[in-house]
Amino acid sequence: MVTANRSRISTTGSICAGTFEAKRAVDVTRQIRIVWKPVVFLCSLVPLALILTDIYGIGGSLGANPIEEIQDRLGNWGLRFIMIALAVTPIRQLTGRNWIGQFRRMLGLFAFSYVFLHFLSWLILDQEMKWSAIAEDIFERPFITIGFAALLMLLMMAATSTAAARRRLGRTWQKLHNSVYAVAILGVWHYWWQVKKDVSEPLLYAALLSVLLGYRLWYRRRRRLGQRIALES
């Protein structure tokens, strides 16, 4: 009888603990959706807002070459958001806070948005939509070629970022979205070739990307080793 009572108490305790954890997970998800996602969204719009205010001379200026300044700022923020999006998984794995992963899609879409605006500023403001000159630049200037390739890959990922697209594509979805690593490499490469002389900032991005990609290789190797040991034991 005592053993049976202890068993019931243990089962009841497990159910209560499970219910509490489930409720806490729901509360965290709700808080992220209602509070933190809007905060991150608004913060992600700040760089664009600063560009717009500088265009109209409110609180700053775009310098002697405003078109180049707009392109550079948009491109830099596009690359920064790519790095931030890539950092989500390592941070989630190292801290054990899985809710951080809920921001990855938003950050990835902001990366695409800033890169796309970077492209549009080049297309409209710099090239003035002169299609023959645009085609010539894309095919004959290597740093523009790789930048355009990165944009196309980002476009495919943005277009398939929804849950419905993920279900529809199945395993192909993950393979497609793994191209974010190629996008990051091409983005840094594009920036490096563009600046030509002072490569200190592209070098910083290259170092950060090396750390992020190196971590992923280490984590994958560590997980495979753990699986192998589990199978052998």
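Descriptive notes on the structure:
- Difference of contour (0.36 nm per residue) and Cα-Cα distance, VAL28 to SER61: 7.8 nm
- Given charges at beta-carbon only (K, R positive; D, E negative), |dipole| of the chain in Debye: 2040 debye
- Intensity falloff of the stretch 59-134 expressed as log10 I(q)/I(0), Debye formula with alpha-carbon point scatterers, at q = 0.12, 0.16 Å⁻¹: -0.46, -0.67
- Principal-axis tilt of helix 200-232 within the chain, Cα atoms, nearest 10 degrees: 30 degrees
- Among residues other than PRO47 with Cβ under 15 Å from its Cβ, the summed charge is -1 (Lys and Arg +1, Asp and Glu -1).
- Highest GNM mean-square fluctuation among HIS177, HIS118, HIS190, for the chain modelled with Cα contacts below 10 Å: HIS177.
- Only lysine pairs 8 or more places apart, or on different chains, with alpha-carbon atoms under 30 angstrom apart are counted in the chain, and they number 4.
- The residue among ALA165, GLN93, PHE110 whose Cα reaches farthest toward the positive pole of the charge dipole of the stretch 41-232, with charges on the beta-carbon of Lys, Arg, Asp and Glu, is GLN93.
- DSSP loop trypsin sites (Lys or Arg not before Pro) with at most 10 other Cβ within 10 Å excluded, longest remaining stretch of the chain: 1-195
- Computed over the chain: relative contact order in percent, which uses C-alpha pairs under 8 Å that are six or more apart: 16 percent
- Ranked list, fewest to most other Cβ atoms within 10 Å of each Cβ, for GLU201, GLU69, GLU128: GLU128, GLU201, GLU69
- Along the axis of the charge dipole computed for the chain (Cβ charges of +1 for Lys and Arg, -1 for Asp and Glu, origin at the Cα centre), the listed residues ALA49, GLN174, GLY60 are led at the positive end by GLN174.
- Folded to 0 to 90 degrees: helix 2-31 orientation relative to the chain principal axis, Cα: 20 degrees
- If you wrap the tightest convex hull around every Cα atom of the stretch 41-232 and split its volume per residue, you get 162 Å³.
- Among MET129, MET156, sorting on how many other beta-carbon atoms sit within 10 Å of each Cβ, with the fewest leading, yields MET129, MET156.
Each reported figure results from applying straightforward, stated rules to the coordinates on display, with no laboratory input. It should be emphasised that the depicted structure is a prediction, and the values quoted were computed from it without experimental measurement. Every residue, glycine among them, receives a Cβ derived from its backbone with ideal geometry; neighbour counts consider all protein chains shown.
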